[in-house]
Amino acid sequence: MAEQDISRDVTAHHAKKDAARKRRRRTVIRHAILIGWALLIMFPIYWMIQTSFKDAGEWVTWPPNWIPNDPTLKNYEQIFSFNIQESGVARQATEQPFNIWGATADSIIICTISALIALFLGTFLAYAISRYNVGGKRFRHSVLLIRMIPPIVIAIPLLMYYAIMIPLATDAVLGARISLFDTRLGLSLLYITITLPFVIWMMLSFIDEIPYSFEHAARIMGAGRIYTIRKVVLPLVASGMVVTFLFVFILNWAEFLLSLTLTHPDVTTLPVLLNKFQSASEGRLYGPQAAIGTIITIPVVIMGILIQKHLIKGFSFGTIRK
Amino acid sequence: MAQIGLKKVVKEFGNFVAVKGINLNVQDGEFLILVGPSGCGKTTTLNMISGLETPTSGEIIIGNRIVNDVEPGERGLGMVFQDLALFPHMTVFENISFGLRVRKMPEQEIKEKVRMAADAMHILPLLSKRPAQCSGGEAQRVALARTIVNNPSVFLMDEPLSSLDAKLRVDMRTELKGLHERLNATFVYVTHDQAEAMTMADRIVVMNGGLIEQVGGPLDIYDLPASHFVAGFFGTPTMNFLKGEIVSENGNTTFSCPHIEQSLGNNIPKNLIGETVTLGVRSEHITVNEGSRQGQVRLVEPLGDSSLVFFEYGGEDRLVAKVAPELRFAPGDQITYQFQAAKCHLFGINDGRRLN
């Protein structure tokens, strides 16, 4: 009897040990995979950052240098200074003048304002679609259809409108030629338009989550529509709005094709500026490009860290306890 | 003054008619319960009283004004929702004060009123918590406090207890009834739970298929159900129903179906003789170990204070009797039983209306 008990104890002990070992192994495997994945994702960023500290000769050495041989800030100096002539042939940049402060300002203003406006419009549109079925049952799906058009298809026609048709029309009607080509307004309008479907789509999923009874309860307590939206609906989708804003901001921040087609020289966004760093003799100037790339990435990372709390809440949906 | 009147109220959703023209009067200070199966139109009716739905036709009257076009917030009523609808991003205090803030009451007064309401519902310690940190019962009290703080003359409740576990639900019933007596307000309460309706209501409105089947006090409805539907809806276990014919022999009116002949006494209208009807008898009105009818026990469900005996009375058909717990039966036992003649209900076979 006692022996049996002991042997049972031993077996149970072994089973427990086995289970713990299995669990540990699973954890190790999971972490190994995640670390591998993270390395895969992070490597290009690392490469960009370390390239930004390499001098001209080192950009394309083979075998590649994993860390800069002789770290230098020349690339950063170059992109922040206007004096292109000084640095010699390899450092000769573009034929066109460039201005990183101007481009940074353009990028920040255009991306922030158009993301904010798209967020504002999209949130209220999504509310109307969710609560009043505006546009009919299929609208919530067809609203994304606009995104099926490749940007290149609209880039050239838009150029026609921005550079020719709108100036002609305003000239005829107002007697003044107003062009949207190469203006902050022109690019912002376009960014608002193309990101609006995303905003509507994302905000719909957040607003749909709010039970009708919340609004009903507020209404019975005497609250009007706007008051209810302000005090009940918006606070509940705040995290979703932050996530949507960041998503749209990054889309705008990294947008290249439309900006390339419709702006320059007066207005230049950072991705377009980055592409200007080429020289006739050397081809692509990888160092300055990497430096700009690094600078472009920083605000997005900072923003991500600042709103981390909202990101987690927003991305995990279903934050409302019913 | 908070009488509520519904006059020929109809509500259509597209092709679906949820409420098919009902008339109803709710007295001032009454605890009225709308009860019925899901889809019977009870919630739609409540929502029309609250103003969240507009009737397709008919009139809703609160006090003595027609409120069809009056905003919900201006009808002077409070509502507790099925999911309670507590705002998750606000503390309990902010939740309770919501209605007062809407009315732009001075901050000091808000504090006092919220404290009073919270005190009445015994939730003072919760004021700084969020709804997600409250238990089911606490959340229930918060929802009630949020309603009473606005001092409405009419309380509307849409299955507010359905999210609670069984024990808590029974406790809350008692509490709600106490609250009603204390506030002296009109309560209109929707539930699909007949036991909830029986225990709390002054009057019950039984709805089915968008129409009112019966209005009456709990015991009136239980003792004299107006239709087959009402008879079957109230009481557990469900009333026994038998289909048969009414025959008259030697001046004795009898209900007759295979295996059972039941004398019906003298109060049966003469024009029913020869008709096919449904006879209903509740389980507690079947007496066992008496009479001459034979049955065989198939299943026994002991409830503690009584036992349910399911027995075959001939063929495969079963009846259920509620017996004293001292009577122990086992499946297979032979029993004798009889119906209490005075407690037999007769319903028309087609329209289900009560006949006796």
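Peptide B:100-107 is shielded by partner chain Cβ atoms: per residue, an average of 2 of them sit within 10 Å of its Cβ. Panel values: the range A:23-84, Kirkwood radius from alpha carbon pairs, Stokes-Einstein at 4 °C and 1.567 mPa s, translational diffusion coefficient 92 µm²/s. Estimated at the nearest 10 Å², the accessible area of residue B:192 is 100 Å² with a 1.4 Å probe. Compared with the alpha-carbon gap, the fully stretched path from residue A:137 to residue A:45 is longer by 28.8 nm at 0.36 nm per residue. Longer than 29 Å from Cα to Cα, which of A:16/B:167; A:231/B:113; A:22/A:309; B:42/B:322; A:231/B:11 are they? Say none if no pair is. Check vs 29 Å cut-off fails for A:16/B:167; A:22/A:309; B:42/B:322; A:231/B:11.
Per-residue surface analysis assigns residue B:239 an accessible area of about 10 Å², computed on protein heavy atoms at 1.4 Å probe radius.
Gyration tensor over the Cα atoms of the range A:2-52: the corresponding equivalent ellipsoid has semi-axes (square roots of 5 times the eigenvalues, largest first) of 48, 6, 4 Å.
Relative to the longest principal axis of the Cα atoms of chain B, the long axis of helix B:136-148 makes an angle of roughly 60 degrees. Of all DSSP-defined beta bridges confined to chain B, some 75% are antiparallel rather than parallel. Between residue B:103 and residue B:115, full extension at 0.36 nm per residue minus the direct alpha carbon distance yields a gain of 2.6 nm.
Taking the alpha carbon gyration tensor of the range A:99-314, multiplying each eigenvalue by 5 and rooting it gives semi-axes of 36, 23, 15 Å, largest first.
Sorting A:193, A:112 by solvent-accessible area of protein heavy atoms yields A:193, A:112, largest first, with a 1.4 Å probe.
Computed from backbone phi with θ = phi - 60° and the Karplus coefficients 6.51, -1.76 and 1.60, the 3J(HN,Hα) list for the range B:29-39 is x, 8, 9, 10, 10, 8, 10, x, x, 5, x Hz; x is used for glycine and proline. Extension gain for residue B:177 to residue B:296 (0.36 nm times residue separation, less C-alpha to C-alpha distance): 38.5 nm. Ranking of A:247, B:329, B:255 by solvent-accessible surface, largest first: A:247, B:329, B:255 (1.4 Å probe, protein heavy atoms only, all chains present).
Modelled spin labels at residue A:179 and residue B:64, positioned 7 Å past Cα toward Cβ, are 7.6 nm from each other.
Taking every protein chain into account, the 1.4 Å probe leaves residue B:168 with about 60 Å² of accessible area, to the nearest ten.
Helices of chain A meeting both criteria, an alpha-carbon length of 15 angstrom or more along the long axis and an average Kyte-Doolittle score not below -0.5, with helices taken as full DSSP H segments, are A:2-51, A:100-132, A:184-207, A:234-253, A:286-306. The C-alpha atoms of chain B define a longest principal axis, and helix B:92-102 lies at about 70 degrees to it. As a ratio to 2.2 N^0.38 Å, the alpha-carbon radius of gyration for the protein assembly as shown is 1.45. Our coupling estimate for the range B:282-292, obtained by passing each phi through the Karplus curve with A = 6.51, B = -1.76, C = 1.60 and θ = phi - 60°, is 6, 4, 6, 9, 9, 9, 9, 6, 9, x, 10 Hz, Gly and Pro reported as x. With axes computed from alpha carbons, what is the tilt in degrees of helix B:166-183 against the longest principal axis of chain B, rounded to the nearest 10 within 0 to 90? Long axis of B:166-183 versus the principal axis of chain B: about 60 degrees. Rounded to the nearest 5, the antiparallel percentage of DSSP beta bridges internal to the protein assembly as shown is 75%.
Kindly identify the range B:211-306 as rounded, prolate or oblate by the Cα gyration tensor criterion: order the square roots of the eigenvalues as a ≥ b ≥ c, call it rounded if a/c is under 1.5, otherwise compare a/b with b/c, prolate if a/b is larger, else oblate.
Values: a/c = 2.10, a/b = 1.11, b/c = 1.90.
Because a/c hits 1.5 or more and a/b fails to exceed b/c, the range B:211-306 counts as oblate.
The 3J(HN,Hα) values that the Karplus relation (6.51, -1.76, 1.60; θ = phi - 60°) gives for the range B:209-217 are, in residue order, x, x, 10, 8, 8, 7, 10, x, x Hz. Gly and Pro appear as x.
The values are calculated or read from the model by the stated rules, or taken from the named source; none is laboratory data. If you're wondering where the values come from, they're calculated on a predicted model, not measured in any experiment. Cβ coordinates were reconstructed from backbone atoms using ideal geometry, including for glycine residues, and neighbour counts include every protein chain displayed. The area values use the complete protein model at the heavy-atom level, side chains included, leaving out ligands, DNA and RNA. Shrake-Rupley method; radii C 1.70, N 1.55, O 1.52, S 1.80 Å.
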